[in-house]
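Novice: Have a look at the structure that comes next, please.
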Amino acid sequence: MIHLRQAQRSDADAIAHLHTAGWRDTYTKVMSADFLENQAQEDRLSHWRSALNQSNESETVFVAEYDGKVEGFICIKLHYDAQWGCYIDSLHVSSSLRGHGVGKQLLWRAAEWVKSRDDESPLYLWVFEDNTQATAFYQRLGGTIVERTLSDMPSSDNAQVFRISWKNAGQLLTTAC
């Protein structure tokens with residue numbers, strides 16, 4: 001059974017490992033092999049240790065645990081962009097649990113958190129154009145592609161990304177339940 005909870009500082013290494021594994025599984029066509037193999041793990045460790053060491057009321061991370069192990073996570077930032085609203089900064093699920101509803105549960109929990117703070121704010125995320133599975137997943141959950149541009153992620157070789165948006169958390173909750 002999947003258990004969702006708010007991330008703790010002690011989850012930083014597990015989240016970084018999962019994040020790196022997700023990049024290595026999914027982004028081989030859009031990120032350099034050197035970065036993925038030699039720099040991504042340290043980059044993500046530094047990022048998540050710092051992020052989870054700070055107290056920030058406008059940002060949270062939820063993890064999905066299965067058998068006591070972190071198997072997925074989502075990071076959401078309130079009012080991140082004046083036009084697009086709340087930013088879903090990261091959503092990653094272990095390859096062994098993809099397709100089992102974990103990502104949907106994490107999105108639902110994040111939308112619930114946003115709605116409890118601002119039920120009118122839109123939500124958005126970025127997804128690589130080549131990540132067709134994720135794009136289709138977000139569209140099934142009511143997300144709309146509203147922009148296509150170049151990625152500014154490290155070592156992404158100027159790959160194209162889509163901005164996917166939801167009108168508000170209520171729209172996402174309706175489609176994710």
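FYI, it's all coordinate maths here, none of it is from the lab. Everything numeric here is computed off the predicted structure, so don't read it as measured data. With ideal geometry, Cβ positions are generated from the backbone for all residues, glycine too; neighbour counts draw on all protein chains shown.
Novice: Note down the nm distance, to one decimal, between modelled labels 7 Å out along Cα→Cβ at residue 77 and at residue 3.
Specialist: 3.0
Novice: Among 97, 141, 107, which one shows the biggest mean-square fluctuation in a GNM of the chain, springs joining Cα atoms closer than 10 Å?
Specialist: So, out of 97, 141, 107, the one fluctuating most is 97.
Novice: Which whole number of Å³ per residue matches the convex hull of the alpha-carbon atoms in region 96-177?
Specialist: On the way: hull volume 8.6 nm³, N = 82.
Convex hull volume per residue, Cα atoms: 105 Å³.
Novice: Follow-up. Not counting the cut sites, what is the longest span of the chain without GluC sites (Glu not before Pro) that DSSP labels loop and that have at most 14 other Cβ atoms within 10 Å?
Specialist: 58-119
Novice: Could you tell me which label, among (1) 1.01; (2) 0.93; (3) 0.97, carries the value of Rg/Rh (Cα atoms, Kirkwood Rh) calculated for this structure?
Specialist: Evaluating Rg/Rh (Cα atoms, Kirkwood Rh) on these atoms matches (2).
Novice: What does the extension gain come out to for residue 150 and residue 130, with contour length at 0.36 nm per residue minus their alpha carbon separation? Intermediate values should be presented prior to the final figure.
Specialist: Working: separation 20, 0.36 × 20 = 7.20 nm, distance 1.23 nm.
Full extension of this stretch gives 6.0 nm more.
Novice: Same structure, new question: Give me the extension gain from residue 43 to residue 139: residue separation times 0.36 nm, minus the current Cα-Cα distance, reported in nm with one decimal.
Specialist: Extending this stretch completely gives an extra 31.6 nm.
Novice: While we're here: For region 11-41, list residues with backbone N below 16 Å from a point placed 7 Å from the Cα of residue 56 toward its Cβ?
Specialist: 12, 16
Novice: Here is the link list: 69/115; 104/167; 77/115. Which ones come out longer than 21 Å on Cα distance?
Specialist: The pairs that break the limit, which is 21 Å between Cα atoms, are 69/115.
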